[in-house]
1. Treat the count of other C-beta atoms within 10 Å as a stand-in for reagent exposure and order ASP464, ASP483 from fewest to most.
2. Determine by what factor the alpha-carbon radius of gyration of the range 199-242 differs from 2.2 N^0.38 Å, reporting the quotient.
3. In debye, nearest 20, what is the charge dipole magnitude of the range 4-180 about its Cα centre with +1 on Lys and Arg Cβ and -1 on Asp and Glu Cβ, if you could check?
4. Given the peptides 164-171, 514-521, arrange them by the average over their residues of other C-beta atoms within 10 Å, most packed first.
5. Once the Cα gyration tensor of the range 4-180 is found, what semi-axes does its equivalent ellipsoid get, as square roots of 5 times the eigenvalues, in whole Å, sorted largest first?
6. For GLU30 and ARG59, compute 0.36 nm times the residue count separating them, minus their Cα-Cα distance, and round to one decimal in nm.
7. Based on the Cβ-Cβ distance from ASP440 to THR8, what FRET efficiency comes out when R0 is 56 Å, to the nearest 0.05?
8. Could you sort the peptides 61-69, 349-357 by per-residue average Cβ neighbour count (10 Å cutoff), highest mean leading?
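Since every read-out is calculated from the coordinates, none of them should be taken as a lab result. Not measured: the values here are computed from a predicted model. Virtual Cβ from ideal backbone geometry, glycine too; neighbours counted across all protein chains shown.
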Amino acid sequence: MKSLYGNTTGLKANQLHRIENLHRRRIPPEFLITPELARDLSRLSYEIGRQLGLLVDRRGRIVKVLVGDQQGIVIPDLGEYRSAPGRLKGIRCIHTHLKDEPLSLDDLTDLALLRLDLIAAITMQSDGRPLQVHMGHLLPGKTDHPYQLPPPLSPHALGIGCLDLIQALEAEMAQMRSLYRSSHGQERGLLVSVTTKPKSEARDDLAELRELAQSSGITVVGEILQLRRQTSGQFLMGRGKLRDLAILALQKGVTLIVFDQELRPAQIRSITDQLDLKVIDRTQLILDIFAQRAQSREGKLQVELAQLRYRLPRLVLKNTAMSRLTGGIGGRGPGETKLEINRRRTRDRIGSLEKALGLVVKQRRQQKARRAKKGLPVISIVGYTNAGKSTLLNTLTKSDVMTEARLFATLDPSSRRLRFPRDLEVIITDTVGFIKNLPDDLLIAFRATLEELESADLLLHVIDISNARHPEQIEAVERLVSDLGLKDIPLLRVLNKQDRMTPDVVARCVQTLQGVAICAKNARTLAPLIEHIKTHFKAGLN
């Protein structure tokens, strides 16, 4: 029958019948469990030598009867029950312990990960009669001691005002959520990094993940960093840390978990099964930002192709995990199809997108051929995202490409003509910003855009020297330039945001990085850069 869950092999017919009949019982709202039901559950558990459990909803109905073994019970998937962020599940679990022992660590882990209303364990005497009932529930607002474990209850005094207690807990949680409430419609995200990197490098990566999340419109309500010698295959992190994450998410009304590491399909499935929350990784977050920023038809095609390539191996995820990704962060995109689309239709769509982008590549080559006939030199601006590339383009060419102080503010490439004195005219192009570990699917999808760099006569590498992580950013950009086969194109480092640094620091950066210092917002600081560009092309003409 549907209400029975677990391994019933070896049970006698009369035992199985009595266990099945447990689900017909009702528990009044003031009782955790009635003394009579506690007695019957304990006696049955003693007879069969296995733990037994009940899942009870708030109406007092027994929705599942669980048959375990000597060590414990297994709680089935509760996806059909309420799963609103920051709320309890609406289900409590009462089970037996064959020995006189309190709630175990596994019990408390289930309480946290499944967001159960309550969990209770009935211990028994040597003859199978109930001895005590140990109870626990989550404690709102407490991160150091997140559980409340009252003194054990007598099996004859179980009328604790159970429903009132659960409702009071949820009311307190609602009050806590109101303290953290964000703007309407925004995701409330918890950032997680589980890494084997050194602590300082891990913190830098987590700081960049925060910037990405904020750029995507996520309200970041907390961060968790776990340094490990090796990452766990199933959950990436330890089960205890996963439990802490679940408690923090519940207390702060989190709607989204963002991992800094790329998650394998099996890991996403395992984590979402445990947390009952939407889970995405860094790659998916970057794809979402690109989906928000794409304006041109070309950009929309590229983003959709990258998203579908990323999701194709993840379409095997079960429906409950997939449904959490529908819409919002990690689940939107230009021309996007539903995530429940089958693999065949996804491959068909990928094929049609590749053909459409093939035409884009052809058109770009034609444009490059026309430019080559005119003999105009091409300058391409590259750099880490938010380094100031579009601002430099605007100041040099007096144009109005959108600029914003956030990661990947502009996505679609822009080209402008720039005329220098003495009849020197060039085409200057702003490209999509780079970032560490740029997803491979994005590189493949944006090959048409990045092919623009191949026709460049000079690369301007814009560097934000006010960013403490600029050495790592330089390495990431120039490694990507090399990987794209562009290392033979002359490259000039442009050290932006000198206005935020002292003159001594700027001079040291110029000497160390062998670049030209500017403030992209201030046209008067661009004279040395313009002189370097003119000198480069004059030398080429000679």
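1. Taking fewest neighbouring Cβ atoms as first place, the list is ASP483, ASP464.
2. Working: Rg = 12.3 Å, N = 44, 2.2 N^0.38 = 9.3 Å.
Taking N as the residue count of the range 199-242, the ratio is 1.32.
3. Working: 21 positive and 20 negative charges, 104 e Å.
My answer is approximately 500 debye.
4. Values: 164-171: 14.9, 514-521: 20.4.
Highest mean packing first, the order is 514-521, 164-171.
5. Semi-axis lengths for the range 4-180 are 27, 17, 15 Å.
6. Extending this stretch completely gives an extra 9.4 nm.
7. The computed FRET efficiency comes out at 0.70.
8. With the highest mean Cβ count within 10 Å placed first, the list reads 61-69, 349-357.
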